[in-house]
Amino acid sequence: MASHVKEEYSRNGYVVLPRLYSEEETALYKEEARKVVEQNGVGKEGVYVGMAVASSLFKKAAAHPVLVAAMKEIIGEEVVFLSDKLVFKNASTDFGSPWHQDYPYWKGSHKISVWIALDDATPANGCLKVVPGSHLKGAAFHGGDASDGLGFINRLGDADLEGQTVVDLTASRGDAIIFHDLLYHASYPNTSGKDRWALISTYKDGTQTDPEYKWAKAAFRVS
Ligand SMILES: O=C(O)CCC(=O)C(=O)O
């Protein structure tokens with residue numbers, strides 16, 4: 001069956017899989033994520049890396065067959081899950097993520113991430129925003145000011161965004177947004193007082209050799 005996944009991903013640098021996870025699955029993941037946060041905390045950055053290490057439920061989520069099929073279209077036959085993280089925003093952890101590409105964090109081969117909504121996400125509670133097609137510009141210099149202590153040490157500067165078309169990616173619980181590691185993306189602060197939790201999982205082409213990634217503790221082939 002012809003699929004839009006590869007074409008859309010190649011053109012825009014991202015593609016949405018609506019309702020990849022059911023209401024029940026998403027509720028279960030949020031509940032499990034809450035337990036992980038209670039046990040480990042997320043600090044001021046609102047980020048907890050290693051959900052699939054903390055719970056086998058997230059390992060299972062990472063291998064969802066529809067997601068794996070989409071990844072295979074984009075990556076090829078050998079799809080490896082590397083790691084995942086919870087990005088947690090609520091009334092007290094309300095940061096917006098600054099504009100960046102993910103590539104400076106990964107290095108080596110290109111990685112593909114999937115942003116999974118554990119809550120409905122809008123500009124009011126911190127949904128993603130992207131510059132469609134920006135992945136075609138190549139790796140940008142990340143010289144933006146990172147002195148606010150919120151993490152995200154790699155930041156694009158204002159000039160990189162000048163004149164660019166920005167699209168808000170509102171999402172429903174269970175939606176998955178697959179995106180290229182060169183896509184310019186950011187997220188809104190959460191001004192709603194309500195939760196905006198997202199699970200972000202990262203994959204790579206298993207045929208590519210890479211530096212040793214210490215953070216990829218739960219890496220496994222999913223295809
Ligand atoms: O979920 C968010 O608020 C954005 C996270 C993000 O941009 C990232 O982790 O690369």
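Among the numbered criteria (1) of a type in the set (Phe, Trp, Tyr); (2) out of contact with any Asp or Glu (no Cβ under 7 Å at 6 or more places or on another chain); (3) farther than 28 Å from SER134 by Cα, which one does PHE58 miss?
Result: PHE58 passes all but (2).
Answer yes or no as to whether ARG19 is away from the ligand (no atom under 16 Å from the Cβ) and in a helix (DSSP H, G or I).
Judged against the criteria, ARG19 is not a match.
Can you name the residue in the stretch 121-151 that is touching a strand residue (DSSP E or B) at 6+ places or on another chain (Cβ under 6 Å) and closer than 21 Å to GLY43 by Cβ and, of all such residues, is surrounded by the most Cβ atoms within 10 Å (Cβ to Cβ)?
Residue satisfying both the conditions and the ranking: GLY126.
(1) over 23 Å from ASN90 (Cα atoms); (2) away from the ligand (no atom under 14 Å from the Cβ); (3) buried (at least 20 other Cβ atoms within 10 Å of the Cβ): which one isn't true of LEU183, the others all being true?
The single condition LEU183 does not satisfy is (2).
Do you know which of the residues in the stretch 141-166 that are of a type in the set (A, V, I, L, M) and within 16 Å of GLN101 (Cβ to Cβ) is farthest from the ligand (Cβ to nearest atom)?
Of everything passing the filter in the stretch 141-166, ALA159 is farthest from the ligand (Cβ to nearest atom).
Working only within the stretch 199-212, note down all residues that are surrounded by fewer than 23 Cβ atoms within 10 Å (Cβ to Cβ) and either outside any loop (DSSP other than H, G, I, E, B) or within 16 Å of the ligand (Cβ to nearest atom) (or both).
ILE200, ASP205
Give me the pairs: first residue in the stretch 84-100 and at positive phi, second residue within 11 Å of the ligand (Cβ to nearest atom) and of a type in the set (D, E, K, R), beta-carbon distance under 8 Å, and six or more apart or on different chains, which are they?
Sorted first by the residue in the stretch 84-100, then by its partner, the list stays empty.
Please specify each residue of the stretch 34-86 satisfying the condition of being under 16 Å from the mean Cα position of the chain (by Cα), of a type in the set (A, V, I, L, M, F, W, C) and part of a strand (DSSP E or B).
VAL47, VAL49, VAL80, PHE81, LEU82, LEU86 - these are the residues of the stretch 34-86 that are under 16 Å from the mean Cα position of the chain (by Cα), of a type in the set (A, V, I, L, M, F, W, C) and part of a strand (DSSP E or B).
Quick check on GLY138: is it more than 16 Å from the ligand (Cβ to nearest atom) and in contact (Cβ under 8 Å) with a residue 60 or more places away in the chain?
Spelling it out, it is not the case that GLY138 is more than 16 Å from the ligand (Cβ to nearest atom) and in contact (Cβ under 8 Å) with a residue 60 or more places away in the chain.
Which number in (1) under 18 Å from ALA218 (Cα atoms); (2) of a type outside the set (Lys, Arg); (3) more than 16 Å from the ligand (Cβ to nearest atom) marks the one condition that SER83 misses?
The single condition SER83 does not satisfy is (3).
Please find, among GLY96, GLY76, the residue that is small (Gly, Ala, Ser) and within 12 Å of the ligand (Cβ to nearest atom).
Just one listed residue meets the conditions, GLY96.
Report every pair of residues separated by at least 6 positions or lying on different chains whose Cβ atoms are under 9 Å apart, first residue within the stretch 22-33 and of a type in the set (Asp, Glu), second part of a helix (DSSP H, G or I) and surrounded by 17 or more Cβ atoms within 10 Å (Cβ to Cβ).
From residues that are of a type in the set (Asp, Glu), the pairs are GLU25/ALA61; GLU32/MET51; GLU32/ALA54; GLU32/LEU57; GLU32/PHE58.
Consider LEU169 carefully, then state whether it is more than 25 Å from SER55 (Cβ to Cβ), within 12 Å of the ligand (Cβ to nearest atom) and surrounded by fewer than 22 Cβ atoms within 10 Å (Cβ to Cβ).
yes
May I ask you to list the residues in the stretch 99-120 that are outside any strand (DSSP E or B), in contact with a strand residue (DSSP E or B) (Cβ under 8 Å, 6 or more places away or on another chain) and away from the ligand (no atom under 12 Å from the Cβ)?
Selection gives SER109, HIS110, ASP120.
Go through (1) among the acidic types (Asp, Glu); (2) within 25 Å of GLY193 (Cβ to Cβ); (3) without any contact (Cβ under 8 Å) to a residue 12 or more places away in the chain one by one and return the number of the condition ASP120 breaks.
Among (1) among the acidic types (Asp, Glu); (2) within 25 Å of GLY193 (Cβ to Cβ); (3) without any contact (Cβ under 8 Å) to a residue 12 or more places away in the chain, the lone unmet condition for ASP120 is (3).
All of the numbers you see were taken from the coordinates with simple rules; none came from a lab. Everything numeric here is computed off the predicted structure, so don't read it as measured data. In this analysis, Cβ positions are derived from the backbone assuming ideal geometry, glycine residues included, and neighbour counts consider all displayed protein chains.
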